[in-house]
Amino acid sequence: MSHIDGLIYHSHDGTVTPSSVAAADVHIHTADDTPLGNLWDTVVDPIRLIVGSAIPDYSSVAAGRLAQGPGGSDLSPGTVLVAVPPGSTDADTALEVSEEIFTLLDQHGVDDAMVEWTEAEVTML
């Protein structure tokens with residue numbers, strides 16, 4: 001299984017590509033001021049269903065913006081942040097699920113978005 005931690009896809013006007021954003025160099029900010037953030041309450045449950053149908057034990061789904069550059073000054077478009085348990089999926093599945101998420105977002109008028117995948121485990125404290 002190929003490693004997915006920090007895998008990021010970008011969809012702009014219907015074209016899905018791996019992002020040029022370096023996952024190790026980003027910080028997460030709120031997506032509230034983006035088209036994705038504005039409709040997050042509408043799309044979060046369908047996104048959870050899309051992710052859960054492919055990776056039933058996913059860890060979390062959230063919205064944010066990736067910031068990189070000096071002081072985090074370069075902000076990405078709205079980003080769906082998907083966390084999955086280590087070893088639970090591969091890059092091909094992540095791409096297929098990302099494409100389904102982008103299709104849903106396109107249906108709601110969001111034509112510039114990203115999906116970032118990372119491996120994470122939920123721990124009860």
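Values in this text are rule-based calculations from the coordinates and carry no lab data. Computed from a prediction, not measured in an experiment: that's the story for all the values here. Quick reminder, even Gly has a Cβ in these numbers, built from the backbone with ideal geometry, and neighbours come from all protein chains shown.
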Built amide H within the under 5 Å cut-off of Ile8, gap 5+:
Ser19, Trp117
Fewest first, what order do Ile47, Ile101 take by the number of other Cβ atoms within 10 Å?
Ile47, Ile101
Per residue of region 37-52, in order, report the coupling 6.51 cos²θ - 1.76 cosθ + 1.60 (Karplus, θ = phi - 60°) as ³J(HN,Hα) in whole Hz, putting x for Gly and Pro.
x, 5, 10, 3, 4, 7, 9, 4, 5, x, 5, 4, 5, 4, 5, x
